[in-house]
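Visitor: Sending over a structure as structure tokens; questions will come in a sec.
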Ligand SMILES: [Zn+2]
Ligand SMILES: [Zn+2]
């Protein structure tokens, strides 16, 4: 190794590892070691051309590793771009050169700052003027202009920089890649002289390296990204914004199962900076913190566009108005009216495919997946049965595999089938379906949303992909099909999610002022349970009451946010192997204050020929639970088992 380069904490380093060489990270420096000297090896090369990762960033990774009970390296290294971890320094050197050329600010005129209404102005000022650690819940109804509040708060902070010859960075997290282009365009138009970096899983490696370096070197003043961006290296971070903070996609569901929202709040606390959690339907955890005073609450109760009002929500009782092709006459009439007036409609159905199951009336055969506890979903345009859990694909059978009956029937309906029904009812209409199947090609989701924005679509049908964040200007009716199943889920979070989803999708309607001769905006929910209180709260747009009641229920039932949970999962070829492991795990320690529930098979027990079971651990104190987990995980590692297991802290899917 070059002897005049000094190792520093936070530098990347190329080290020998067995017979290979790998990239490592210097996390401590010592002049002595417990290892015998002959076993120590020299590093091969330092990546000294790259500024070291900061103590703050290392502390963030250390916290995440400690809290989620994973090894430090598993948190820190995957957080870095792949090209940065390349064995040869070429990609790094090239990216550094490119970035040195590419950072000159250009001097386009910034897009005009819209005038904020008083509530928005108060919120933007409060955020920009916060000193020290300040967690802020920005609770604003859909269409209330939260994005504008973020942008103007960001503007104030960056403007202060110029006066004080300071350098600030702002991190904005969004739940979905699909939402980044819309926000990115807004941000770039508003801050033409400022370098904006984006970080999400849709970037090619070269792009990801460039954007990551721009953030790490402090060139990018605004970093925009999905949950993984919470681990970006940003040495001058001064403000974090989490848009749609309630969104489940902030929780990683594999490997390091972290909550980007929780890590962002921790990061803000450690740096002593404000963090804004924005939502129309905050997560109950965040709402609870705002009620108890831990988070400051800022409210936007009106839509930002003058004369744009929240849509009227109506329920259609499906027992009285029997649907044809899944569509009630009331909903069909509403769609017809919009077609006549040249306005757009949105139908929301959170189920993709043509029908969730194919069925034989003669013998009762159903299209079970042979590898999972689930049905194979009928995908008619693709001529396939597909399992959404293990990706098994089969051709659609021409006759029943059990009795030979050729008249197999699809049961239930997904977006493809509704699309087909719509084409029958409205042969002249321009109908577009947006779901994971219709947007498999890279860039196709963006193209689809663009065509909606350009007014080339009359009726949009889609899954939750269409429910979030999009600002469709000419949309005046939203129809919700079949939301009832979530009312009776075994998952205690299902009603919270359903409420958020309905408020989100309802919020797509009527975002612009009503046109002369145009329709008032409305949301029509087809249901068999019109008396259900959840729908009552949706009709009243009353998040506060709904959240208050739900929190009371949780308090009585002893559920989060009033207690803390961890989930031990085990999987094996045989269910019993998984259950046996969990049984041993539940018995291995005395544990005052800790509730260890019985091991149970997961609701969907088998996925891809593997059986899965789980064990829930609960505690009234977060520190006590953390202390227990540390000892427990060491004990678990001693258990001899053929089951694969993993531990999740603060699970959201139980
Ligand atoms: Zn049959
Ligand atoms: Zn399957």
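Visitor: I need the fraction of alpha carbon pairs in the range 481-576 separated by more than 24 Å, rounded to a whole percent.
Guide: 40 percent
Visitor: Let me ask something else. Out of the DSSP beta bridges found with both residues in the chain, what percent are antiparallel (nearest 5)?
Guide: The answer is about 45 percent antiparallel.
Visitor: Please give the length that would be gained between residue 634 and residue 514 if that part of the chain were fully extended, namely 0.36 nm times their separation in residues minus their C-alpha to C-alpha distance (nm, one decimal). Walk me through the intermediate numbers first.
Guide: Numbers: separation 120, 0.36 × 120 = 43.20 nm, distance 6.18 nm.
Difference between extended and current length: 37.0 nm.
Visitor: Return a whole-number percent for the relative contact order of the range 1-107, with Cα pairs under 8 Å and 6 or more residues apart as the contact set.
Guide: On the way: 106 pairs, mean separation 27.9, N = 107.
It rounds to 26 percent for the range 1-107.
Visitor: For the range 118-300, I need the span (max minus min coordinate) of the C-alpha atoms along each principal axis, in Å, sorted largest to smallest.
Guide: Principal extents (Cα only, largest first): 44, 44, 31 Å.
Visitor: Does the range 530-611 classify as rounded, prolate or oblate by the C-alpha gyration tensor (a ≥ b ≥ c root eigenvalues; a/c under 1.5 gives rounded; else a/b over b/c gives prolate, otherwise oblate)?
Guide: oblate
Visitor: State, to one decimal in nm², a quarter of the convex hull surface area for the C-alpha atoms of the range 106-190, i.e. the direction-averaged projected area.
Guide: Hull-based average projected area comes out at 6.8 nm².
Visitor: Between residue 454 and residue 531, what length in nm is gained on full extension when 0.36 nm per residue of separation is reduced by their alpha carbon distance? Display every interim value, and only then the final one.
Guide: On the way: separation 77, 0.36 × 77 = 27.72 nm, distance 3.85 nm.
Value of the extension gain: 23.9 nm.
Visitor: Checking the a/c ratio against 1.5 first, then a/b against b/c, what shape does the Cα gyration tensor give for the range 5-79?
Guide: The shape class here is prolate.
Visitor: Now, a different point. Take every DSSP beta bridge with both residues inside the range 368-461 and express the antiparallel ones as a percent of the total, to the nearest 5.
Guide: If I count the DSSP bridges inside the range 368-461, around 70 percent turn out antiparallel.
Visitor: Shifting gears a bit: I'd like the FRET efficiency for residue 473 and residue 380, computed as 1/(1 + (r/R0)^6) with the beta carbon distance as r and R0 of 35 Å, rounded to 0.05.
Guide: Working: r = 33 Å, r/R0 = 0.93.
Approximately 0.60, to the nearest 0.05.
Visitor: With a cut-off of 8 Å between alpha carbons and a minimum separation of six or more residues, what is the relative contact order of the chain in percent?
Guide: With pairs under 8 Å counted, the relative contact order is 12 percent.
Visitor: Once the convex hull of the alpha carbons of the chain is built, what does its volume come to per residue, in cubic angstrom?
Guide: It is 193 Å³ per residue.
Visitor: Need one word for the range 56-111: rounded, prolate or oblate. Basis is the Cα gyration tensor (sqrt eigenvalues a ≥ b ≥ c); a/c below 1.5 gives rounded, then a/b vs b/c decides.
Guide: Values: a/c = 4.24, a/b = 1.65, b/c = 2.57.
Verdict is oblate for the range 56-111.
Visitor: Now a separate question. Cα centroid distance between the range 164-215 and the range 496-561, in Å?
Guide: Comparing the Cα centres of the range 164-215 and the range 496-561, I get a distance of 32 Å.
Visitor: A follow-up question, please. Quote the relative contact order of the range 118-300 in percent (integer), defining contacts as alpha-carbon pairs under 8 Å separated by 6+ residues.
Guide: Once divided by the residue count of the range 118-300, the mean separation gives 35 percent.
Visitor: Would you mind estimating how fast the range 531-574 diffuses translationally, via Stokes-Einstein at 37 °C and 0.692 mPa s with the Kirkwood radius over Cα pairs, in µm²/s?
Guide: The diffusion coefficient I find is 253 µm²/s.
Visitor: I'm a student and want to see the number: the projected area of the Cα convex hull of the range 564-649, averaged over all directions, in nm².
Guide: Mean orientational projected area (the range 564-649, Cα hull): 5.1 nm².
Visitor: Here is a follow-up. Quick one: Kirkwood hydrodynamic radius for the range 1-155, alpha-carbon pairs, angstrom, one decimal?
Guide: Hydrodynamic radius (Kirkwood, Cα pairs) of the range 1-155 is 20.1 Å.
Visitor: I need the peptides 153-164, 565-576 ranked by packing, meaning the mean over residues of other C-beta atoms within 10 angstrom, with the highest value on top.
Guide: The most tightly packed comes first, giving 565-576, 153-164.
Visitor: What does a probe at residue 642 reach in the range 560-581, counting residues whose amide N is under 20 Å from the point 7 Å along Cα→Cβ?
Guide: Hits in the range 560-581 for residue 642 at 20 Å: 569-581.
Visitor: Same structure, new question: How many angstrom lie between the C-alpha centres of the range 579-621 and the range 314-331?
Guide: After rounding, the separation between the Cα centres reads 43 Å.
Visitor: Further, regarding this structure: Using 0.36 nm times the number of residues separating residue 86 and residue 59, minus their current alpha carbon distance, what extension gain do you get?
Guide: The span from residue 86 to residue 59 would gain 7.3 nm if fully extended.
Readers should treat all values here as calculations from the given coordinates under stated rules, not as data from a laboratory. Keep in mind that what you see is a predicted model, and the values were worked out from it rather than measured. Positions of Cβ are generated from backbone atoms using ideal geometry, with glycine treated the same way; all protein chains shown enter the neighbour counts.
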